[in-house]
1. Apply the Karplus curve 6.51 cos²θ - 1.76 cosθ + 1.60, θ = phi - 60°, to the phi angles in the range 68-85 and return the couplings in whole Hz, x for Gly and Pro.
2. Skipping prolines and chain starts, which residues have an amide H placed within reach, meaning under 5 Å, of the one on G148, given they are 5 or more residues away or on another chain?
3. Can you tell me the relative contact order of the range 25-171? Whole percent, Cα pairs under 8 Å, sequence separation 6 or more.
4. Rounded if a/c is under 1.5, else prolate if a/b is larger than b/c, else oblate: which is the range 1-40, with a ≥ b ≥ c the root eigenvalues of its Cα gyration tensor?
5. So what does the Cα-only Debye profile of the range 47-117 read at q = 0.18, 0.19, 0.20 Å⁻¹, as log10 I(q)/I(0), no solvent term?
6. Aspartates and glutamates within cross-link reach of K129: Cα-Cα under 18 Å, excluding same-chain residues under 8 positions apart?
7. Three principal axis extents, largest first, for the C-alpha atoms of the chain, in Å?
8. Can you work out the PRE-style zone for R13? Point 7 Å along Cα to Cβ, and I want the residues of the range 91-113 with backbone N under 17 Å.
Amino acid sequence: MSHAITLARPYARAAFALARDHGGLPAWSQALGFAAQAVSDARVAALLGHPKLAHEALVDLISPPGEVDPVFRRFLATLAENRRLPLLPEIAALYEQLRAEAERVVKARVTSATALDAAALDKLKASLKRRFGREVELTTAVDPALIGGAVIDAGEVVIDGSLRTKLARLQSTLAH
């Protein structure tokens, strides 16, 4: 496990608890996502450790546009004071995992050789829902190198039904 994830975990848990207690899980997802993307920008990252830049200015810089939840701003200020703003991408990812668990949602990524139509995605989603006993959020990607079939990555469970993998297994069997 990376050092950044170890450092980010307590902050992600705190963010989740604050968002849950204030009824704002989706809003915090968006705000954390915005702030994480902001600190990932090289121009912003260069400013994060600048000694002459006040914490409040950093919070203003990475806060989402519009009216921002004051509790979220205090959370960002705490990160700034502790020099943990660079951890925002890891904090946001861990927060999303906690949110998915709380909302009993499995996030799965389906990578297929060709684009899947809506009917195939609905059927796959229903099948995964039965398997996991939870709601399923699907994201899709296309990778022609798979040749055919698909790879489903649902976190700890990966189902590889690609033709590329089947051919590799067959080739390995024939080589022995």
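1. 10, 3, x, 5, 5, 4, 5, 4, 4, 4, 4, 4, 4, 4, 8, 6, 10, 4
2. Amide H neighbours of G148, under 5 Å, 5+ apart: L163, R164.
3. Numbers: 159 pairs, mean separation 29.6, N = 147.
Taking the mean separation of contacting Cα pairs over the length of the range 25-171, I get 20 percent.
4. Working: a/c = 3.54, a/b = 1.32, b/c = 2.67.
Oblate is the answer for the range 1-40, as a/c is 1.5 or above yet b/c matches or exceeds a/b.
5. Normalising to I(0) and taking log10 leaves -0.80, -0.85, -0.89.
6. Filter leaves E101, E103, E137, D153, E156, D160.
7. So the extents along the principal axes, rounded to whole Å, are 65, 35, 27.
8. 91-102
The values are calculated or read from the model by the stated rules, or taken from the named source; none is laboratory data. Just so it is clear, the model here is predicted, and its values are computed rather than measured. Cβ atoms come from the backbone with ideal geometry, glycine included; neighbour counts cover every protein chain shown. Note: accessible area is taken over every heavy atom of the protein model, side chains too, but ligands, DNA and RNA are not part of it. Shrake-Rupley method; radii C 1.70, N 1.55, O 1.52, S 1.80 Å.
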